[in-house]
Each structure stands twice: as C-alpha cells, then as structure tokens.
Amino acid sequence: MNVFVEKFADLKILRYKLDGFEKLNLQQKKYIYYLALAAKSGRDILWDQNNRYNLKIRKLLETALATYKGDKTSELFRNVHLYLKRIWFSNGIHHHYSTDKITPKFSASELREFLDQSNISSLPFISELDEIIEVITNPEKEAKRISLDSNTDILKASAMNYYQDISQEEAETFYAEKRKAAGEKAPSFGLNSQLIKENGKLTERIWKVGGMYGEAISEIISNLEKAVTYVENDLQKKLIGELIEYYQTGDLKKFDDYSVSWVEELDGMVDFVNGFIEIYGDPLGIKASWESIVNYKDIEGTKRAVILADNANWFEANSPVNDAFKKKEVKGVSAKVINVAMLGGDCHPYTPIGINLPNAEWIREEHGSKSVTIENITKAYFEDSLGNGMLEEFAASEEEINRARQYGYLAGNLHTDLHECLGHGSGKMNSGVSPENLKNYYSTIEETRADLFALYYIADSKLLELGLVPSEESGKAAFDSYLRNGLITQLTRIEPGKNLEESHMRNRQLIAKWAYEHGKNENVVSFVKKDDKTFIEINDYQKLRDLFGKLLAEVQRIKSEGDFIAAKELVENYGVKIDTATHNEVLERFKRLEIAPYAGFLNPELELVENDSREVIDVTVNYADDFTTQMLDYSDRFGYLI
C-alpha cells in the first residue's frame, strides 16, 4: 500500500496500515469496530469547539459543492473545493497548527456567485448567509482561534468556542475559586463545559447527554454500549461503564473514576481513548477538546516500551532535577507501542505520534500513567519521507545524513517512548500548585519538560545497557534531528513575518535556542554557512547533553513551583521570535523541494462480514483513497450537530 494519497496547499494526505489486524481474534475485531464508530461519532463536537461558525460553514459549502450547477472545471469551483479541503483538514476555518484563519482564494462576491448556482435554499440557517460569507471572506472576522499573546486578554483575542463573552480575568477567577473550595484531588474543573454569562452571572453549559453536544454524545454512548459486548476483560467493561456514566451526567468525578480504571487496565490487546482530553485548544489550558483513538498492541514494539517502564524508578532517581521535585517512587507507569485502527476528533486527520494520559496530576502521582507510541503512524511518516530530499537539504554533513539514515527511525521512536512514557510521568508538583498557575504557558512548559527528559536520556549509556540501542550514534542522531528541526526545518511551517504560536513548536525552539545561546562560550553548537546555506553543527555532544540536563532541572522547578514569571520569560525569550533572515532562507530552500510541511491521514474503513445466517464472521479493512469522499461521508453519517 502506498502511504501517499494527495497534496494540496501546505498539506498532504497519507494512509496508515493496520499491520497485524488480521491476527486479532473476532471478538477483538468487533470490539475495535464499535469503538471506531464511537470515535467518529464525536466529530462535530470538535468542529463546534474550534469556532461557533464552523459547522454552518462546513454544511453550507458541502451542500453547495454537491448541488453546484456551474462549470466544475472552473477556477472558482476548484478554489471552493480547495478551501473546503483545507477546513476539513483543520476541523474548522483556522489552520490546525498556526491557528490563523485560513484565507480562501475567492472573494465574497465570487462566493455569492458560486452559491447562486447551488441549491442551498433549504438550509435551516439560510437567513444568516450574509454573516457566514463575511466570516469566511473577511480576514478580520474570527481572525485567530488561539491567541497566546500575553499582552492581550487572550480569551477576547481568541475565536475558539470554549467561552462566550467572558474575559480572561473572569474565567481565571471563576475556576480558581472552584479549585480552592475543592482542595486536594479536585476534579479538572471546566474540562467539559462552555463558560457563558446568563443574566450577568457566569455559568457552565456542560457537555453531556441532555446538555450541550447531547445529540453527538448520545451516539457515542450508543456505540460504546455495543462495544462493551466484546470487551476482553472485566476492567474494560467497568471503565466503559464509567465513561458512559460520565457522558450521561457530566460529573467530572466520574471522569476521574474512569481515568483511574483506564490507567489500571493493562491486559487487553485493544485499548482506546474517547473524551474531552487535551487542553491545547483553550488559551487558558482549562477546557478540553474532544478526541478519540482506537488501537491495538504492537507486540514486538511494546517490548521496547516495557523495558523503559520497568526502569522508570532508575530514570527518575538519576535525573538532573532537584531531589525536592522528584517522585520518591514512580507508581503505575505503563507503556506500550500501538497501531491505531481509527482516529477521531482532535486526532484526525492530523494526529499525535505518542500519548501519555491521564492529565490529572493527582491521578498520575497516585495511580500512574499510561504511555503509547503509535508505530503505524511513525512508520507512515518515515516511509513518506524517504527520498523527499529534506534530510539532504538541511543536514550539515554526509556524516549526519548517514547517521540519520541508519539510526533516525529508531532514535525518533525512542524519543517518543521516553517523552511519553517517562518524561510526562516524571517529577512532581508542590502541594497547592496546579497547571493553572502557569496559565497560557503551561502547555509549552510541559512539552519542554518531557522533551528535555527524552533528550537527556536518549544519549545515556543506560539505553545501551538495556539493549534498546545498538550504538551511542543513535543518541547523536536524535540530537542532530532535534536541533535541526528546532532551529531550522520547523520554520518551513511558518508564514513570513509570523512568530511561533503552537506549543510544540515553541518548546522545540525554546530548547534548541537556549542550548545554542548557553553553549556559545564553548562553541557547543554553531550556525555555519556552506554555499550560502545555513546549517546547524553540534561540536560537543556531551556538553550539549549537559545543557539539556541543566535546562531540564530549571523547567521542572518552574512546573513544580508554578513559577509563572519564570515560565513567561523562558518561553517569550527563546520560544516565540524567529530570525527573519534565516526564516526567509529556509522557506526558499524548502520551496524548491515541493514538499507539503504538514501531513494528516485518511482512516481505513472497517466492514462487518456476515455469513448467510447474518452472523458476523469477520471484520475487514479497506483502505480509503480519496480525502473528499471520506470527509463527505463522515459529514453525512456522523453530522449529528448540524
């Protein structure tokens, strides 16, 4: 199977393969089948969370495209279709990474011309057409989904739909009072609600059955109830029951119950995530986007992750972090390598390559965490990268290129293992400190901390001792790749004149730039020019590792103490601003390669196979080959909120 499907704008669509799916037993396959339906049933929730106009815009343009009576070979038709593909990819009108509004290649008058040749008169929101066209075509309207500019009220500057007419100060005060009143082991207040004002009073619209997003949540539950028939063990049955109860009531304590059971369920071959999980979409880091991943173990790859998890206490004890901020005992760390069978919500089409959950600090400290590296996604990325010229263009030497070819794939997966399995699970927060203390900088600081943990240990002789790497060259390959990406190649994703906004991009530049600046006196890392091209050279790998350790100790202190001022200074000084000359040069070099900087995935289609007696005898996998077809199909079958 060819992983590449198509390329448009700055995006490419790939496919992932379900290696080993055919070896699962029928019960496991049917379990995956219904979990996969649940994973697709919450799609509309994310669209609405991202912006209040998203669902109407999607419905308008999908209807117009399907009923268009004009010339379907015209530039206008192609441009409307392109815009629709871009918002499908981003789950809304804002770019999935920069969160800037996507600019269409048509004007308001051209869009009206297109709509006039389509049958949209029966749409229930047709009276709002002028407003919707204005939102699509006016760059000043709903301009940025997430603003992290600390000089503004970041809620009023953001177009996400987690708050309505609420100031940053009002929201922070509202949730701070809730946490203070609840004391220790407080649930993640605000995680599953929209904060609004009614009659001048702040109130929450809870995402639950009978509440906001109730129609979609009911469909999720319906498929979870079908899935529970095919669970592999009693704990899986218990955790699905707890998840359903949480969806029915909106009670965050029920979500904590589910999270504890989910962490403790380690025996099943099949696993899943389904719910309001990650807080990157909220500039305050309080409210969670809806997502789902359905997966099954990669047995061979899991052996690697288990070795790390079994040695978690050694890594914690030997970290360069101050002992006051270390866990005395690392509890319940589990890790595995998985193949995804279905992606949904905020994990589709663009998806993470690793996961570490749950996010509640008290659960992590008392019950542990579960970490995964997604093997079939990293494999698809790797296969797509072969021969695209990126490495040859931006690596500083043949030695670096050869090291990347020989050790890069292993080093990348090990970095993800260390980041997810041990990095996020390491350290502890002081009593009374919560992620909210770091406000809009928490996500960047947390990703910085996990990356630094991975970088510090990926060059440690312990990995050789454990048999996880064949040579210390793998650590060097990881360092090469990280600095090359943090200081150069990730700039290919940023438009000229823009700063870094996304938390992961900020954290990568923060680490790489801090290490460069603090290693200057000893020439640890240097920018070099060859044939008028800029490259990064690492001159002393051991000293670079020492710098990573020093920064890790400081970032852990910042998180443990909730030091907002230090977090702000670190992120703003190292993680935001881009060198214009280097950026322009990198963009020009990248342009010649004709590579899309962002990639997302088509999901496979799972089908029940029945015999003549209507008994299910198998579940088969069909690999989709057209992005538009899948997106239209999803809107038709899973469009529960529009």
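Against the test of being of a type in the set (Lys, Arg), open to solvent by 40 Å² or more (accessible area, probe 1.4 Å) and in contact (Cβ under 8 Å) with a residue 24 or more places away in the chain, the options 557, 589 yield a single qualifying residue, 557.
Of the residues 245, 184, the single one that is touching a residue at least 60 places away in the same chain (Cβ under 8 Å) and surrounded by fewer than 22 Cβ atoms within 10 Å (Cβ to Cβ) is 184.
Kindly indicate whether any position in the range 134-157 is without any contact (Cβ under 8 Å) to a residue 24 or more places away in the chain, hydrophobic (A, V, I, L, M, F, W, C), out of contact with any Lys or Arg (no Cβ under 8 Å at 6 or more places or on another chain) and outside any loop (DSSP other than H, G, I, E, B). No, the range 134-157 contains no residue that is without any contact (Cβ under 8 Å) to a residue 24 or more places away in the chain, hydrophobic (A, V, I, L, M, F, W, C), out of contact with any Lys or Arg (no Cβ under 8 Å at 6 or more places or on another chain) and outside any loop (DSSP other than H, G, I, E, B). I'd like to check something: does the range 403-410 contain any residue that is among the hydrophobic types (A, V, I, L, M, F, W, C), under 24 Å from residue 294 (Cα atoms), open to solvent by less than 30 Å² (accessible area, probe 1.4 Å) and touching a helix residue (DSSP H, G or I) at 6+ places or on another chain (Cβ under 6 Å)? Checking the range 403-410: not a single residue is among the hydrophobic types (A, V, I, L, M, F, W, C), under 24 Å from residue 294 (Cα atoms), open to solvent by less than 30 Å² (accessible area, probe 1.4 Å) and touching a helix residue (DSSP H, G or I) at 6+ places or on another chain (Cβ under 6 Å).
Residue count for the range 24-83, restricted to those that are within 26 Å of residue 156 (Cα to Cα) and in contact with a Ser or Thr (Cβ under 6 Å, 6 or more places away or on another chain): 2. Among the residues of the range 205-223, none qualifies, meaning not one is more than 30 Å from residue 30 (Cα to Cα) and at pLDDT below 95. Just one of the listed residues (432, 427) is buried (at least 22 other Cβ atoms within 10 Å of the Cβ), assigned to a loop (DSSP other than H, G, I, E, B) and out of contact with any strand residue (DSSP E or B) (no Cβ under 9 Å at 6 or more places or on another chain), namely 427.
Residues in the range 73-105 that are assigned to a loop (DSSP other than H, G, I, E, B) and either under 16 Å from residue 48 (Cα atoms) or free of Cβ contacts under 8 Å to residues at least 24 places away in the same chain (or both): 73, 74, 91, 92, 93, 95, 96, 99, 102. Those helices (runs of 4 or more DSSP H) of the range 461-539 in which 3 or more residues are within 21 Å of residue 553 (Cβ to Cβ) and without any contact (Cβ under 8 Å) to a residue 40 or more places away in the chain occupy 503-518. Per the listing 550, 577, the residue uniquely out of contact with any strand residue (DSSP E or B) (no Cβ under 9 Å at 6 or more places or on another chain), open to solvent by 50 Å² or more (accessible area, probe 1.4 Å) and closer than 23 Å to residue 425 by Cα is 550. Scanning the range 187-221 for residues that are open to solvent by 40 Å² or more (accessible area, probe 1.4 Å) and either basic (Lys, Arg) or over 28 Å from residue 362 (Cβ atoms) (or both) returns 197, 198, 199, 200, 201, 205, 208, 210, 215, 218, 219.
In the condition set (1) in contact (Cβ under 8 Å) with a residue 24 or more places away in the chain; (2) more than 26 Å from residue 32 (Cβ to Cβ); (3) in contact with a Ser or Thr (Cβ under 8 Å, 6 or more places away or on another chain), residue 223 is compliant with all but (2). Scanning the range 462-494 for residues that are modelled with pLDDT of 95 or more, of a type in the set (Asp, Glu) and open to solvent by 20 Å² or more (accessible area, probe 1.4 Å) yields 465, 473. Search the range 505-547 for residues being charged (D, E, K, R) and within 19 Å of residue 576 (Cα to Cα), and hand back the single one that is least open to solvent (accessible area, probe 1.4 Å). That would be 506.
Restricting attention to the range 118-153, the residues being open to solvent by less than 50 Å² (accessible area, probe 1.4 Å) and more than 30 Å from the chain's Cα centre (by Cα) number 5.
The values are calculated or read from the model by the stated rules, or taken from the named source; none is laboratory data. A quick note: this is a predicted structure, and the numbers were derived from the prediction, not measured. Quick reminder, even Gly has a Cβ in these numbers, built from the backbone with ideal geometry, and neighbours come from all protein chains shown. For the accessible areas, the whole protein counts, side chains as well, though only heavy atoms, and no ligand, DNA or RNA atoms are used. Shrake-Rupley method; radii C 1.70, N 1.55, O 1.52, S 1.80 Å.
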